[in-house]
Amino acid sequence: MRVNMELRNLPGVDKILTDKRIAVVAGKYPHDLLVSVIREQLEQERLSIIGGKAGASLDGIVKAVLGGLEAVLKPTLRRVVNASGVILHTNLGRAPLSREAIAAMEEASRGYANLEIDMGSGARGSRHVHIESLLCRLTGAEAAFVVNNNASGVLLGLTALARRKKVIVSRGQAVEIGGGFRIPDVMRQSGAKLVEVGTTNCTYARDFEQAIDESTVALMRVHSSNFSLVGYTSEVSLEELIVIAKKYNLIVLDDLGSGSLLDTTAFGLAPEPMVQQSVKAGTSVTFFSGDKLLGGPQAGVIVGSKEYVEKLKKHPLARAARIDKMRLAGIAATLLHYLKGEAVAKVPVWKMIAAPLKEIDKRAGDWAKALGGEANVVDGQTMIGGGSLPGGSLPTKLVAIGGGSKKVQEISRKLRLREVPVIGRIEKDRLLLDPRTVLPEEDEIVVRALSEIIKK
Ligand SMILES: *Cc1c(COP(=O)(O)O)cnc(C)c1O
């Protein structure tokens, strides 16, 4: 009885449209949008009454409609401050870009660009020219181009060069990268026949040689980017793979995952395979990501010998995996930092890796101060992440907030729900915030967020 009454008493759409506050937004936005938001709100109201709750007042419904409209009109993809201590955090968008890369992307997208036009002749050109010579100069490769992302680059490579043929991979490298991206699945998708050799922990040159037959075209190395095998292990080096490939007239494909143009050991990190080394060793085609250690926008970089790279460029899948002008401009600007020898000073990922511990300690101290006596600075580790340097980490200083699991969860939630969310990580009932992964110009946001949340 009560339920029927309350349902009957619900205002109609027209009634809500006559409200003064609604009239204000009605003048600003399309009528259909407003009506659809009102209908959704009324439907929620009906369900809540049927569920046993008391019906809201007209004022309550109007407020809910205004709130609903605001939520619909706000982009859900927004910036966050990454205090998680993972530099290449895939869920947080991987690499932040340099000022120059951002400017280049804006410039390329504001108006038109000479994307595919030869300025000398006025004839149609290729978008690859904007990046090819840069990549060749930096890596020593004969030919190069970029596609949408590394996964599509690998798929394109296998499809163009190994469809219906056998590709031999060490069992220890037939890995899942994360997010369900599995090398064996990609190979199947390309139509290449994957032949896994060796055992999980040990693969020898003879395992490769014994598996080669007349339908084999390629040997492949996949960088086991997100885990490391420790203990009794044996892998065939890239150099050995190339010796075998030459002997049997096969090609060698190298999926570096992150890859690096700089020597990570110079920063106290474990060695990450360098693109230049892969090229120098004589790999046919090398694949790596634009937004991992390269520090640019999402892209798949393909470098190698002209014969094979040209086949990839001309394959129909290359069109399906094509990169847009905006990211092409961003990758080119990022590569220029390396060419000028200024990557460590300009590319945010490398700035974070190279940041001195003393500087991080100072920032952590400032953050902790904002929290009064509620936090302290402790030693910790920054992870590189993004499928590079398995187990690779850098010493850092963390702001640690304790007070029990419930309180820590609550603070962490409040930080996530702010206008500019701040993302930390919880370990052993402590909320940990790492200044190394936060851009220095964002310190203010963190300090304000922490002091407001603690004071409340
Ligand atoms: C990350 C990774 C990929 C996928 O690269 P995306 O740029 O994310 O598409 C492929 N292979 C390896 C070894 C990786 O680490």
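FYI, it's all coordinate maths here, none of it is from the lab. Small disclaimer: the values here were computed from a predicted structure and weren't measured. We place every Cβ from the backbone using ideal geometry, glycine too, and count neighbours over all the protein chains shown.
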Suppose R0 equals 35 Å; then what is the FRET efficiency for Ser405 and Asp443 from their Cβ-Cβ distance, rounded to the nearest 0.05?
0.80
For the stretch 2-73, what number results from the quotient of the Cα radius of gyration and 2.2 N^0.38 Å?
1.08
Can you tell me the orientation of helix 31-50 relative to the chain, as the angle in degrees between its alpha-carbon axis and the longest Cα principal axis, to the nearest 10?
70
Near-label residues of the stretch 7-27 by backbone N, under 11 Å of a point 7 Å along Cα→Cβ of Leu47
none
First measure r as the distance between the Cβ atoms of Glu142 and Lys246, then evaluate 1/(1 + (r/R0)^6) with R0 = 22 Å and state the FRET efficiency to the nearest 0.05.
0.80
Using DSSP to define loop residues, name the GluC sites (Glu not before Pro) in the stretch 79-123 whose beta-carbon has at most 16 other beta-carbon atoms within 10 Å.
Glu116
Check cross-link reach from Lys340 to the lysines: straight Cα distance under 29 Å, and skip same-chain residues fewer than eight apart.
Lys280, Lys292, Lys306, Lys313, Lys325, Lys351, Lys358
Can you tell me how much longer the chain between Arg188 and Ser228 gets when fully stretched, taken as 0.36 nm per residue apart minus their C-alpha distance, in nm with one decimal?
11.9 nm
To check my understanding: the extent here is largest minus smallest coordinate of the Cα atoms along each principal axis. What are those three numbers for the stretch 97-346, in Å, largest first?
55, 42, 32
What number do you get for the chain when its Cα radius of gyration is normalised by 2.2 N^0.38 Å, N = residues?
1.21
Here the FRET efficiency for Ser126 versus Leu73, based on Cβ atoms and R0 = 41 Å and rounded to 0.05, is 0.50
Set of lysines near Lys406 by C-alpha distance (under 27 Å), chain-local residues within fewer than 8 positions excluded
Lys369, Lys397, Lys414, Lys428, Lys455, Lys456
Give the shape of the stretch 118-195 as rounded, prolate or oblate, defined through the alpha-carbon gyration tensor: a ≥ b ≥ c are the square roots of its eigenvalues, a/c under 1.5 means rounded, and otherwise the shape is prolate if a/b is larger than b/c and oblate if not.
prolate
Partner lysines whose C-alpha sits under 21 Å from that of Lys63, ignoring same-chain residues fewer than 8 away, are Lys15, Lys20, Lys28, Lys53, Lys74
Scan around Ser393 for amide H atoms under 5 Å from its own, H built in the peptide plane at 1.01 Å from N, and keep only partners 5 or more places away or cross-chain.
Ala270
Go through the stretch 314-352 and name the trypsin sites (Lys or Arg not before Pro) that are in a DSSP coil and have 15 or fewer other Cβ atoms within 10 Å of their Cβ.
Arg322, Lys340
